[in-house]
Amino acid sequence: MNELTGTGVSPGVGFGPAFVLNWEPPVPEPGAGHGGDAEAERARAERALADVAADLEARGARVGGEAREILNAQALMARDPGLATGVAGLIDAGASAARAVYEAFGAYRAMLAGAGGYLGARVADLDDVRDRAIAVLDGRPPPGPPASRDALDGPPGPYVLVARDLAPADTAALSPDVVAAFVTEEGGPTSHTAILARALGVPAVVACPGAASIAAGTPLLVDGAAGTVRPAPPDADVAAALGIAAGREAALAAVTGPGATADGHPVPLLANIGGPDDVEAALAHGAEGVGLFRTEFLFLGRSAAPGEREQEEAYLAVLDAFPGGRVIVRALDAGADKPLAFLPPPRPEPNPALGERGLRLLRAHPGILETQLRALARAAARSRADLQVMAPMVATAEEAAWFAAACREAGLPSAGVMIEVPSAAVRAADLAAEADFFSVGTNDLAQYTLAADRQVGALTGLQDPWQPVLLDLVGLAVAGAAERGRPCGVCGEAAGDPALACVLVGIGVTSLSMAAPALPAVRAALARHSREECVLAAAAAVTAGSPYEARAAARANLPGLAELGL
Amino acid sequence: MTQRQVTVEAEVGLHARPAATFVQTAAKAPLDITIAKGSGKPVNAKSILSVLSLDVRKGDIVVIAAEGDGADEILDRLAEIASAP
């Protein structure tokens with residue numbers, strides 16, 4: 001059998017014998033009726049749907065996390081009042097409970113399938129609820145994959161679960177010890193198989209034609225990044241594929257502790273978070289603190305501004321996770337594109353990115369900033385974390401001075417500014433005279449420097465964080481900060497690219513903040529290179545003529561990246 | 001009839017978690033509650049399948065309506081859920 005190709009939706013390499021889950025869900029015959037007691041039949045249907053809902057909720061409660069949400073959403077489908085009305089009507093018209101369930105689901109199924117995209121992918125969830133309910137009515141509950149390897153014949157070790165499609169209820173309870181990979185004939189990148197595989201850290205290939213005809217027990221080598229499935233591969237290929245994957249994982253996992261270059265130059269590695277819910281992932285990936293705490297979650301979608309106490313508790317929940325660590329909070333960053341319901345509606349702005357946003361909006365409504373800064377000061381007083389506050393969308397030294405004064409007024413010791421506007425980078429020395437630190441937001445800096453709207457997909461080439469001009473501006477910000485002895489970090493997407501992170505350190509950036517999952521690779525990349533190598537890589541990138549050349553030139557000076565498989 | 005008109009702000013629209021939270025909150029209220037997309041046909045706000053079928057995306061406007069004691073309170077909560085980012 002030849003190699004099969006599908007869509008890789010969860011990276012990693014897995015190898016094991018195929019366990020083929022073959023369950024043909026029962027389809028009640030059209031016209032199947034009940035014995036005449038409609039009331040009893042309705043009760044039977046209600047009980048079956050309630051049983052399925054309870055079973056899904058129980059499975060969700062056992063596993064928790066994302067799987068629980070998915071299973072609870074399925075349970076909501078089983079408990080849907082509109083569906084129940086449809087089922088009862090069909091039974092009253094003479095249909096058997098099973099046939100009524102089948103047809104009542106069918107009406108919604110057609111609507112979801114017709115919408116395609118994300119909703120189309122929910123059809124599989126809906127079908128699973130329907131099939132489970134019909135199976136309960138038939139007295140034949142559906143089989144699931146074995147939850148332990150002991151139940152199977154053959155050599156020990158995890159198996160590759162192969163199916164036409166997988167239901168969340170089946171996959172949620174599995175662990176990487178039991179399952180080496182998932183392969184499905186159907187499904188897509190937003191299917192729940194994909195989401196749960198990523199949550200479990202199990203490689204997965206979906207939308208893989210031919211998967212359903214794989215024979216049980218066939219050894220399979222699955223590459224969840226490339227999207228390939230190789231039946232009965234030679235031993236040497238298996239060893240090589242597993243070796244590369246294990247080597248990369250081990251290399252990344254082996255580097256722990258605070259961020260530093262190979263020669264010991266410290267570079268604190270921090271996480272970008274959007275609220276207390278993100279703290280767990282930040283800690284799990286070894287964040288030393290928070291470099292960008294976005295506070296919009298407290299304000300958006302509210303009919304009244306959040307009170308000082310409510311804000312204080314939310315800030316404290318984050319601060320308490322990093323005793324002794326640094327937490328940089330960004331003051332509310334709203335604008336015409338993210339309006340606040342409790343403020344007068346903004347005047348229409350033809351170009352919100354250049355409008356009254358960020359610090360400009362806070363200056364127009366100083367009461368909001370005052371409350372936020374007071375809440376932050378109160379939280380800081382109750383915590384052992386090092387709280388710093390920074391302003392978004394600062395263009396001039398005068399704005400930086402205004403914000404710093406507001407922070408001092410509130411009793412906050414450290415007030416910084418984001419460097420997102422080219423004017424702020426070019427006149428960084430002036431801003432550094434007013435602000436205690438800088439944090440470069442590379443995404444907005446790219447948008448404003450290259451005049452390329454972030455929301456316009458056709459302009460992504462101009463948004464490339466490797467644009468050499470962005471490196472120039474980061475260099476200006478670093479130099480301006482250094483004149484006053486101020487630190488200058490980066491908290492944009494650029495900081496999470498292992499090669500670019502090394503370049504930024506070479507330019508003189510003092511800390512890096514990124515989405516938590518990017519931390520291990522950046523930590524490992526820095527640990528492989530000396531500060532000198534980072535400086536050379538930066539010099540090569542800055543003199544390049546294009547983003548492509550800058551990337552290539554930097555990588556040529558960073559030999560450790562290839563060793564790490566990055 | 002009391003109603004609220006809000007713009008859906010969540011990236012995923014009124015799907016996934018926002019849809020589940022919305023429906024669960026509506027289901028707890030002892031009132032009939034409907035939701036419509038724009039000027040479309042109102043559907044039962046307690047039915048996850050009906051709410052999903054509206055296919056409400058980020059930026060869409062929805063109209064949530066109820067009648068009776070406590071309508072204002074529950075509509076405020078549902079409007080907040082529907083407009084949360």
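Overview of values
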quantity: Pairwise FRET efficiency - A:L462 versus A:A405, Cβ, R0 = 22 Å, nearest 0.05; calculated: 0.05
quantity: Sites A:T5 and B:T2, calculated FRET efficiency, Cβ-Cβ separation with R0 41 Å, nearest 0.05; calculated: 0.15
quantity: Gyration tensor verdict on segment A:449-566 (Cα atoms; rounded if a/c is under 1.5, prolate if a/b is larger than b/c, oblate otherwise); calculated: rounded
quantity: Anisotropy class of segment A:97-200 from Cα gyration tensor, a/c 1.5 cut; calculated: oblate
quantity: Cut-off 12 Å between beta-carbons: net charge of the residues surrounding A:A379, Lys and Arg +1, Asp and Glu -1; calculated: 0
quantity: Whether the protein assembly as shown is rounded, prolate or oblate, judged on the alpha carbon gyration tensor where a/c under 1.5 counts as rounded; calculated: oblate
quantity: Segment A:38-138, Rg to Rh (Cα coordinates; Rh as Kirkwood inverse mean 1/r); calculated: 0.99
quantity: At R0 = 41 Å, FRET efficiency that the Cβ-Cβ distance of A:R302 and A:V238 yields, to 0.05; calculated: 0.15
quantity: Partner chain coverage, peptide A:300-308 - average Cβ within 10 angstrom; calculated: 3
quantity: Helix axis angle, A:308-319 relative to chain A longest principal axis, alpha carbon, degrees; calculated: 90
quantity: Segment A:E483-A:T396, length gained on full extension (0.36 nm per residue, minus Cα span); calculated: 29.6 nm
quantity: Per-residue HN-Hα couplings for segment B:58-65 [Karplus 6.51, -1.76, 1.60; θ = phi - 60°; Hz; x = Gly/Pro]; calculated: 4, x, 6, 9, 10, 10, 10, 9
quantity: Student exercise, segment B:2-83 dipole from Lys, Arg, Asp, Glu Cβ charges, in Debye to nearest 20; calculated: 320
quantity: Karplus-derived 3J(HN,Hα), 6.51/-1.76/1.60, for each residue of segment A:138-144, Hz, glycine and proline x; calculated: 7, x, 10, x, x, x, x
quantity: Helix A:38-63 vs. chain A, principal-axis angle (Cα, 0 to 90°, nearest 10); calculated: 40
quantity: Residues whose placed amide H lies under 5 Å from that of A:S10, excluding near-sequence neighbours; calculated: A:A204
quantity: Folded to 0 to 90 degrees: helix B:16-28 orientation relative to chain B principal axis, Cα; calculated: 10
quantity: Difference of contour (0.36 nm per residue) and Cα-Cα distance, A:E280 to A:A43; calculated: 80.9 nm
quantity: Where chymotrypsin sites (Phe, Trp or Tyr not before Pro) in DSSP loops with at most 15 other Cβ within 10 Å are excluded, longest remaining stretch of chain A; calculated: A:24-341
quantity: Contour excess over end-to-end distance, with Cα ends at A:A32 and A:V469 and 0.36 nm allotted per residue; calculated: 150.2 nm
quantity: Karplus (6.51, -1.76, 1.60) ³J(HN,Hα), θ = phi - 60°, over segment A:441-446, in Hz, Gly and Pro reported as x; calculated: x, 5, 5, 5, 4, 5
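Every read-out reported here was derived from the displayed coordinates using simple, explicitly stated rules and does not represent laboratory data. Please read all numbers here as calculations on a predicted model, not as lab measurements. Virtual Cβ from ideal backbone geometry, glycine too; neighbours counted across all protein chains shown.
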